[in-house]
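The values are calculated or read from the model by the stated rules, or taken from the named source; none is laboratory data. None of these values were measured; they are calculated from a predicted model. Every residue, glycine among them, receives a Cβ derived from its backbone with ideal geometry; neighbour counts consider all protein chains shown.
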Amino acid sequence: MATNDRQAREERARLRTYQARQQVHAGKKRRRTLDNIIASIALVIVLALAVGAQLFFFNGGPGTPDPVPSATPTPTPEAAEVPSADLAEGRTWTGSLVVNDIPLAVELDGAAAPQAVSSTISLVQDGFYDGLSCHRLTKDSIWVLQCGDPNGDGTGGPGYSYGPVENAPADGVYPAGTIAMARQPQNADSHGSQFFIVYEDTTLPADEAGGYTVIGHVTSGLDELRAGVTDAGPADGASDGAPSVPVTIASFTLE
């Protein structure tokens, strides 16, 4: 009888041990499943953030920063009227763009880019650019200084937008001194007030909307702009961001 009781106790002990091991195994399996779910969610979040960053900062090229992202007109209750393309008169306009204390002599081609040049002329005549910042500087394969946003963060514009792309180089090469209009990626009708000055020869890949509207070029003062602003690069040693040297448009005149 004692032997049978001992065997029964041993059987119960073995059963409890087995059940405990099963519970431990089940607990580990649940933890692995939960860890996998958490890892999957984290991966989705990382990918979403990466895609979002790419859409904001990149434009179709193989890892090439978009020189002119988010040239978004500032929303207004009633959109302003786009200036007539006839304002450019199909001729060359000359003038001066002063940034900080650096005068840049400029020429705008009203024949090659009538709509963009007309818009620029209208904004210049209204004094729109006076006191605005050049909020973005890029380097390392793309060499541009972007200006003309009333919000100072790449989101502002004149209250209207226009298109299409005009006078974009077929080979995607924008020589030093080029002045071109900013626009949103994949949107040829998103031009506003933002423009960029190319301070070193730069190749910009076109997207489905085309290239970037070239309105003219700097005829003198580019060396001074490099020495006084762009050579310092973007802030915090970045390759794309606010200039280390704050840049303000003191005046912009055309005739």
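Name the residue, out of ASP236, ASP189, ASP231, ASP223, that is part of a loop (DSSP other than H, G, I, E, B) and either touching a residue at least 60 places away in the same chain (Cβ under 8 Å) or of a type in the set (Asp, Glu) (or both).
ASP189
Looking only at residues that are of a type in the set (Val, Ile, Thr) and within 13 Å of ILE197 (Cα to Cα) in region 96-150, which one is surrounded by the most Cβ atoms within 10 Å (Cβ to Cβ)?
VAL144
Across region 165-177, what is the total count of residues that are surrounded by 14 or more Cβ atoms within 10 Å (Cβ to Cβ) and either out of contact with any Gly (no Cβ under 8 Å at 6 or more places or on another chain) or outside the structural domain of SER96 (by TED's automatic domain parsing) (or both)?
Within region 165-177, residues that are surrounded by 14 or more Cβ atoms within 10 Å (Cβ to Cβ) and either out of contact with any Gly (no Cβ under 8 Å at 6 or more places or on another chain) or outside the structural domain of SER96 (by TED's automatic domain parsing) (or both) number 5.
Going residue by residue through region 192-207, is there one that turns out to be farther than 26 Å from ASP236 by Cβ, in contact (Cβ under 8 Å) with a residue 24 or more places away in the chain and among the aromatic types (Phe, Trp, Tyr)?
No.
Find the residue count for region 141-161, including only residues that are over 12 Å from the mean Cα position of the chain (by Cα), within 15 Å of PRO246 (Cβ to Cβ) and either in a loop (DSSP other than H, G, I, E, B) or not assigned by TED's automatic domain parsing to the domain that holds LEU104 (or both).
1
Name the pairs whose Cβ atoms lie under 9 Å apart, with the first residue in region 102-123 and farther than 12 Å from THR213 by Cα, the second of a type in the set (Lys, Arg) and not in a loop (DSSP other than H, G, I, E, B), and 6 or more positions between them or separate chains?
Between residues of region 102-123 that are farther than 12 Å from THR213 by Cα and residues that are of a type in the set (Lys, Arg) and not in a loop (DSSP other than H, G, I, E, B), there is no close pair.
Got a number for residues in region 128-137 being in a loop (DSSP other than H, G, I, E, B) and either closer than 12 Å to PRO150 by Cβ or outside the structural domain of GLY216 (by TED's automatic domain parsing) (or both)?
Here the count works out to 6.
Which of the residues that make up region 239-255 are of a type in the set (Ser, Thr, Tyr), closer than 26 Å to HIS191 by Cα and in a loop (DSSP other than H, G, I, E, B)?
Hit for region 239-255 is SER239, nothing else.
Among (1) surrounded by fewer than 23 Cβ atoms within 10 Å (Cβ to Cβ); (2) under 20 Å from ALA88 (Cα atoms); (3) of a type outside the set (A, V, I, L, M), where does THR213 come up short?
The single condition THR213 does not satisfy is (1).
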